[in-house]
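Novice: Let me give you the structure first, and then I'll get to my questions.
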Amino acid sequence: MTKLVVANWKMNGDTSKISADLNYYAHVSETNKSNVILALPYIYLVWAKQHLLVNSKINLAAQDLSHYLNCGAYTGKINGEMLKDAGVEYVIIGHSERRNLIGENGPILVHKVRNAFESGLTPIFCVGEPLSARTDGSYLQFIELQLAGLEEIEQFKDIVIAYEPCWSIGTGKIPTMAEIQEVVEFIHQYMQKRFSYVKISVLYGGSVTGQNVDDILKIKSVDGVLVGGASLKVSDFTDICAKV
Ligand code: 13P
């Protein structure tokens, strides 16, 4: 199976950077691939799709969507239908920054995943333990709880799960390969048991670089990577894509 590489730009970029970077990515073989997914800030998505990535194989992701399904009086919200209309294929849901900074919790995230399915988007659902749960050994229970809400969704479809330990995001610290493998296999088993009829991919995210991506991708159960900081530098991101 082709592994995925997802760039999470978070709240970064402006028109000149996005124009320069995406023009480059659309024209070089290392990055112009359907398994390369760019999660840009909302306001750049339509422009990216209709102008910068024309005839490119690269896919787009949003970094969030509304937990309201239908259009209506929800000032400031963007729903799945709008994202699909903009040419977006994937949506990140439950990133730890939104869980921790904005306080997004289980039921809201379940609504968001359900809405993504209903809108024809593939969710990239993020899970991962804080340092305290890694230290006291309760990390698998922590992740199991984060996954448990998904069982409420009746019409389950293909999904991408990203394992991102909170303590690894933006810190330069990554788990050992054995630790990544343990959690990724746990997620596969958990999901397989309940949703064996859909395609489940499990990514690793947290301080991924051109230097460590080879080792991470050697882990058979890892279906790709979710890249933050290194996706903002063209040469680093091109390096990573070349190895996926
Ligand atoms: P870094 O790659 O900067 O650690 O960020 C990871 C991340 O949060 C991607 O969603």
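Novice: Just from its helices, what would the mean residue ellipticity at 222 nm be for the chain, if runs of 4 or more DSSP H residues each count -39500 (n - 2.57) and the sum is divided by every residue, rounded to the nearest 500 deg cm²/dmol? Please list the in-between numbers first.
Specialist: Values: 8 runs with 80 residues, N = 244.
When only DSSP H runs of four or more count, the value is -9500 deg cm²/dmol.
Novice: Here's a follow-up. Mind running the shape call on the chain? Use the C-alpha gyration tensor, a ≥ b ≥ c as the square roots of the eigenvalues: rounded below 1.5 for a/c, prolate if a/b tops b/c, oblate otherwise. List each step's numbers first, then the result.
Specialist: Working: a/c = 1.57, a/b = 1.11, b/c = 1.42.
Cα axes put the chain in the oblate bin.
Novice: Whole angstrom only: what separates the Cα centroid of the range 126-144 from the Cα centroid of the range 167-244?
Specialist: The two parts, judged by their Cα centres, are 17 Å apart.
Novice: Moving to a separate point now. Hey, how many Å between the Cα centroid of the range 1-44 and the Cα centroid of the range 47-105?
Specialist: Between the Cα centre of the range 1-44 and that of the range 47-105, the gap is 15 Å.
Novice: If you plug each phi of the range 162-175 into the Karplus form 6.51 cos²θ - 1.76 cosθ + 1.60 with θ = phi - 60°, what whole-Hz ³J(HN,Hα) values come out, in order, with x for Gly and Pro?
Specialist: Result, ordered by residue: 10, 8, 10, x, 4, 6, 9, 6, x, 9, x, 9, 10, x Hz.
Novice: Do any chymotrypsin sites (Phe, Trp or Tyr not before Pro) in the range 108-205 lie in a loop, going by DSSP, with at most 15 other beta-carbon atoms within 10 Å of their beta carbon, and if so which?
Specialist: Numbers: sites: Phe117, Phe125, Tyr139, Phe142, Phe156, Tyr163, Trp167, Phe186, Tyr190, Phe195, Tyr197, Tyr204; in loops: Phe156, Phe195, Tyr197.
Passing sites in the range 108-205 are Tyr197.
Novice: Just subtract the alpha-carbon distance of Gln155 and Asn105 from 0.36 nm times their residue separation and send over the number in nm, one decimal.
Specialist: Values: separation 50, 0.36 × 50 = 18.00 nm, distance 2.08 nm.
Stretched fully, the Gln155-Asn105 segment lengthens by 15.9 nm.
Novice: Can you tally the lysine pairs in the range 99-227 where the Cα-Cα distance is under 20 Å and the two residues are eight or more apart, or on different chains?
Specialist: On the way: Lys112/Lys157; Lys112/Lys199; Lys157/Lys193; Lys157/Lys199; Lys173/Lys218; Lys193/Lys220; Lys199/Lys220.
Lysine pairs meeting the criterion: 7.
Novice: Obtain the nm distance between the two label points defined at Tyr24 and Ser132 by a simple spin-label model: each point lies 7 Å from its Cα along the Cα-to-C-beta direction.
Specialist: With each label placed 7 Å out from Cα toward Cβ, I get 4.1 nm.
Novice: What number, in nm² with one decimal, is the all-direction average of the projected area of the convex hull of the alpha-carbon atoms of the range 52-168?
Specialist: If I average the Cα hull's projected area over directions, I get 8.5 nm².
Novice: At a 10 angstrom cut-off on C-beta neighbours, averaged per residue, how do the peptides 87-96, 46-55, 103-112 rank from highest to lowest?
Specialist: Values: 87-96: 23.5, 46-55: 15.2, 103-112: 16.8.
So the order, starting with the most tightly packed, is 87-96, 103-112, 46-55.
Novice: Mind listing P(r) for the range 1-113? All alpha-carbon pairs, 10 Å bins, whole percents.
Specialist: Result, from short to long distances: 13, 44, 32, 11, 0 percent.
Novice: While we're here: I'd like the FRET efficiency for Ser221 and Asn55, computed as 1/(1 + (r/R0)^6) with the beta carbon distance as r and R0 of 41 Å, rounded to 0.05.
Specialist: Values: r = 34 Å, r/R0 = 0.83.
Computed FRET efficiency for Ser221 and Asn55: 0.75.
Novice: Run the reach check for Lys233 against aspartates and glutamates, Cα to Cα strictly under 19 Å, same-chain hits fewer than 8 apart removed. What comes back?
Specialist: The reachable aspartates and glutamates, counting only those whose Cα sits under 19 Å from Lys233, are Asp14, Asp21, Glu30, Asp214.
Novice: Report the trypsin sites (Lys or Arg not before Pro) located in the range 120-229 that are in a DSSP loop and have at most 11 other Cβ atoms inside 10 Å of their Cβ, or state none. Walk me through the numbers on the way to the answer.
Specialist: Numbers: sites: Arg134, Lys157, Lys173, Lys193, Arg194, Lys199, Lys218, Lys220; in loops: Lys157, Lys173, Lys199, Lys220.
Within the range 120-229, the qualifying trypsin sites (Lys or Arg not before Pro) (loop, at most 11 other Cβ atoms within 10 Å) are Lys220.
Novice: Still on this structure: To make sure I understand the rule: partners must be aspartates and glutamates, Cα under 12 Å from the Cα of Lys10, and not fewer than 8 residues away in the same chain. Which ones qualify?
Specialist: Asp64, Glu97
Novice: Just need the relative contact order of the chain here, percent rounded to a whole number, with Cα pairs under 8 Å and 6+ apart.
Specialist: RCO, the chain: 20 percent.
Novice: While we're on this one: In the range 81-175, with Lys and Arg counted as +1 and Asp and Glu as -1 at Cβ, which of these residues, Leu109, Cys126, Leu83, has the Cα nearest the positive end of the dipole, that is, farthest along it?
Specialist: Cys126
Novice: Per the Debye formula with a single identical scatterer at each Cα and no solvent contribution, what log10 I(q)/I(0) holds for the range 182-244 at q = 0.22 Å⁻¹?
Specialist: -0.85
Novice: Right, something else. Could you work out the relative contact order of the range 108-244, using alpha carbon pairs under 8 angstrom and six or more residues apart, expressed as a whole percent? Don't skip to the end; give the middle numbers.
Specialist: Values: 202 pairs, mean separation 30.2, N = 137.
Computed over the range 108-244, the figure is 22 percent.
Novice: Still on this model: Neighbour counts of other C-beta atoms within 10 Å: give me Cys166, Cys71 arranged from fewest to most. Could you put the intermediate results ahead of the total?
Specialist: Details: Cys166 21, Cys71 11.
Exposure proxy ranking, most exposed first: Cys71, Cys166.
Since every read-out is calculated from the coordinates, none of them should be taken as a lab result. The shown structure was predicted, so the numbers you read here are calculated from the model rather than taken from an experiment. Quick reminder, even Gly has a Cβ in these numbers, built from the backbone with ideal geometry, and neighbours come from all protein chains shown.
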